[in-house]
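> Questions regarding the structure given below will be posed in turn.
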Amino acid sequence: MLSRTVRISARQWQQCRYSSTVALNECLSAIDAYNSEINAFTSINDRALLHKKALESDARQTNGTLKSELDGTTIAIKDNFCTTFLPTTCASIMLKDFTSPYDATVVKLLDDAGALIMGKTNMDEFGMGSANIHSVFGPVINPCSHGDEIKRSAGGSSGGSAASVAMNMCTAALGSDTGGSVRMPASYCGLVGFKPSYGRCSRHGLVAYANSLDTVGILTRNVQDCSKGNLDIISNYDIQDPTSIPNELRTELDANDTQLSLQFQDDLKGLVVGVPQEFYVDSLSDEVLDVWRKGIQHLESLGAKIISVSIPHVSLALPAYYIIALAEASSNLARYDGIRYGHRSPDNEDHLLYEETRSSGFGDEVKKRILLGTHVLTAGTYETLFLPAQSARRLIQKEFNGVFKQPNLLYNENTQEGERERAHILLVPSATSEAPTLNNKKSGIDEYINDVMTLPANLAGIPAITVPFRNTPNPIGLQLMGQYGYDQFLLRVADIMTSKKSPI
Ligand code: GLN
């Protein structure tokens, strides 16, 4: 059994002046004991360097010169964020030996804040998957099934990030969320998983899967670690990311966000929570339905008013996502040609190099998606698939705007017509079931269907968070979604919701 000390949160750690060196040693012991079984990390940072940084942080603690709330805490980074000090593999043969000449902006911000970067974490190849079974390093085992005969998936694609936090190998981890890759593994592993509003955290140095959907995300054991510790530090305008929210809009969004957050301190009196009817899909398991029902009752017991809302075109989210994401992926992954960087096939005949490099460098799931993505962009299907998918996305965005009380500052449209009541926040499940077992391989389509709860938030660009709601026998999370820009408010509600709840 791991010692209890490493389970304390970053904030508690700062408050009780817990030694960074002791915390580091606890995390390294957990890595030594369990990583070969759980398969969470693809590489570990230099231990001597980590010890040196921990000592420096302890000295700052003593002198009262801590750089930030995160100074001295241990963080893991998904292996699709560029780092100069460790390879960035995206769990692919294509990038197996690739080390970036620069650090991703968010990695640099964490390092500057004094965080100890423990290593890079396992994932589905290029972020494509929901169960972390498409990795050149092999699957990630869910820590909740550690020791059991039947192993469960840690979820994907940020499975290694989730498993590393759940197994106490670090305090927090960065993941990326294009269609649910932070929230799904967090839900399966009993963690908090937060996908901020699109553009809030810089994606400079995050290897692109689908640019219009990709978001940096955070996985922690509790909501406070996620907000105070991490989001505050990595949420900055970055000139190197053209989709980064500009400072002027950021200031406006933050003012509204703070104003609303301040209205909720200890309970949720005055909060209106919307339950979108279209999320009641056939594939929801009985356990998830039960947890969702209990979540609604719990919010009611904290003073929230529950209303039913409707987002009719959310039923198109799944096909729209898999058309848009794969189209963008096919274009992004075209850069891996064996010429500029990454894997190169030994066959150097000009006309074969490209084909051989891509055939041997990408795994089957990635190749399938490149082919599908290329197909939807070809003449004919572009009009019949790609353009309708974009229209469906726009409708879904509009309908989300129509159910929130707060307007979306990105759109100059009146979404407040009609008499119906609107919500501050929405509550839905995070996944259709608890973590699947690893021996029960789902077909491609079944794996895609699993994302139905998470990807609407990516299509709409809105913030969403999963919080652990049921712990045993296997974790099940619930998901809150907020209006674009209301990230702190979402975290505030999630914090009140989780801190006032006894485990089920
Ligand atoms: N499961 C989804 C996909 O495979 C989402 C992945 C992600 O968010 N990176 O596309």
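> What percent do you get for the relative contact order of the chain when only Cα pairs under 8 Å and 6+ apart count?
In percent, rounded to a whole number, it is 17.
> Tell me which aspartates and glutamates have Cα within less than 14 Å of residue 305's Cα, excluding those fewer than 8 residues away on the same chain?
267, 421
> Taking N as the number of residues in the range 295-390, what is its alpha-carbon radius of gyration divided by 2.2 N^0.38 Å?
Compared with the compact-globule rule of thumb, the range 295-390 sits at 1.70.
> Have a look at 30, 89, 198 and report the one farthest towards the positive end of the charge dipole of the chain, computed about the Cα centre with Cβ charges (Lys/Arg +1, Asp/Glu -1).
Of 30, 89, 198, it is 30.
> While we're looking at this one, here's another question. Given labels modelled 7 Å from the Cα in the Cβ direction, how far is it in nm from residue 502 to residue 243?
Here the answer is 4.4 nm between the modelled labels.
> On full extension of the chain, what length is gained from residue 97 through residue 52, given 0.36 nm per residue of separation minus the C-alpha to C-alpha distance?
Once the chain is fully extended between residue 97 and residue 52, it gains 13.5 nm.
> OK, next. A 32 angstrom limit on the alpha carbon distance is what I want to check against. Which of 53/501; 108/501; 195/269; 120/368; 67/398; 52/151 exceed it?
With Cα atoms farther than 32 Å apart: 53/501; 108/501; 67/398; 52/151.
> Using the Cα centre of the chain as the reference point, and only Cβ charges (+1 on K/R, -1 on D/E), how large is the resulting charge dipole? Debye, rounded to the nearest 20.
Details: 45 positive and 56 negative charges, 197 e Å.
Dipole magnitude for the chain comes out near 940 debye.
> Hey, another quick one. Return the loop-located trypsin sites (Lys or Arg not before Pro) in the range 293-369 (DSSP other than H, G, I, E, B) with at most 14 other Cβ atoms within 10 Å of their own Cβ; answer none if there are none.
Passing both the DSSP loop test and the Cβ count: 340.
> Would you kindly compute the Cα radius of gyration of the range 307-363 and its largest Cα-Cα separation (Dmax), both in Å?
18.7, 64
> How long is the chain along each principal axis, judged by its Cα atoms, biggest number first, in Å?
67, 66, 51
> Take each of the peptides 208-217, 54-63, 311-320, average the number of other beta-carbon atoms within 10 Å over its residues, and list them starting from the highest.
208-217, 311-320, 54-63
> Same structure, new question: Tell me the GluC sites (Glu not before Pro) within the range 300-358 that lie in a loop according to DSSP and have at most 15 other beta-carbon atoms within 10 Å.
Hits after loop and neighbour filter: 349.
> I need the peptides 154-160, 129-135, 29-35, 144-150 ranked by packing, meaning the mean over residues of other C-beta atoms within 10 angstrom, with the highest value on top.
154-160, 129-135, 29-35, 144-150
> At a Förster radius of 41 Å, what calculated FRET efficiency corresponds to the Cβ-Cβ distance of residue 269 and residue 412, to the nearest 0.05?
Here the calculated transfer efficiency is 0.80.
> How large is ³J(HN,Hα), in whole Hz, for each residue of the range 207-223 in order, when computed from phi with the Karplus curve 6.51 cos²θ - 1.76 cosθ + 1.60 and θ = phi - 60°, using x for Gly and Pro?
Result, rounded to whole Hz: 4, 6, 9, 9, 4, 7, 10, 4, 9, 6, x, 10, 10, 9, 8, 9, 5.
> Another question, then. Would you calculate, for the chain, the mean residue ellipticity at 222 nm contributed by helices, counting each DSSP H stretch of 4 or more residues as -39,500 (n - 2.57) and dividing by all residues, to the nearest 500?
When only DSSP H runs of four or more count, the value is -11000 deg cm²/dmol.
> To continue, here is another question. From the P(r) of the range 365-464, can you give the percent of Cα pairs sitting at distances over 24 Å?
Of the Cα pairs, 43 percent sit more than 24 Å apart.
> Want the number for residue 378 to residue 280: 0.36 nm per residue separation, take away the alpha-carbon distance, what's left?
31.8 nm
> Related question: Enumerate the amide H contacts of residue 131 below 5 Å, restricted to partners 5 or more residues apart or on another chain; note that Pro and chain-start residues carry no placed amide H.
For residue 131, the qualifying residues are 156.
> Here's another thing I want to ask about it. What is the packing order of peptides 415-426, 394-405, taking the mean over residues of other C-beta atoms within 10 Å and listing the highest first? Before the final figure, lay out each step's value.
Values: 415-426: 16.0, 394-405: 19.5.
Order by mean packing, descending: 394-405, 415-426.
> I would also like to ask the following. If a paramagnetic tag sat 7 Å from the Cα of residue 471 along the Cα-Cβ line, which residues of the range 171-198 would have the backbone N under 13 Å from that point?
So the set is 190-191.
> Using only the alpha carbons of the range 191-273, what is the convex hull's orientation-averaged projected area in square nanometres?
In nm², the orientation-averaged hull projection of the range 191-273 is 6.8.
> Then there's this: Note down the magnitude of the dipole of the range 289-355 about its Cα centre, charges +1 on Lys and Arg C-beta and -1 on Asp and Glu C-beta and zero elsewhere, to the nearest 20 debye.
600
Only the coordinates and a few stated rules stand behind these numbers; no lab work does. Quick caveat: nothing in here was measured; it's all calculated off a predicted structure. Reconstructed Cβ throughout: ideal geometry from the backbone, glycine too, with neighbour counts over all protein chains shown.
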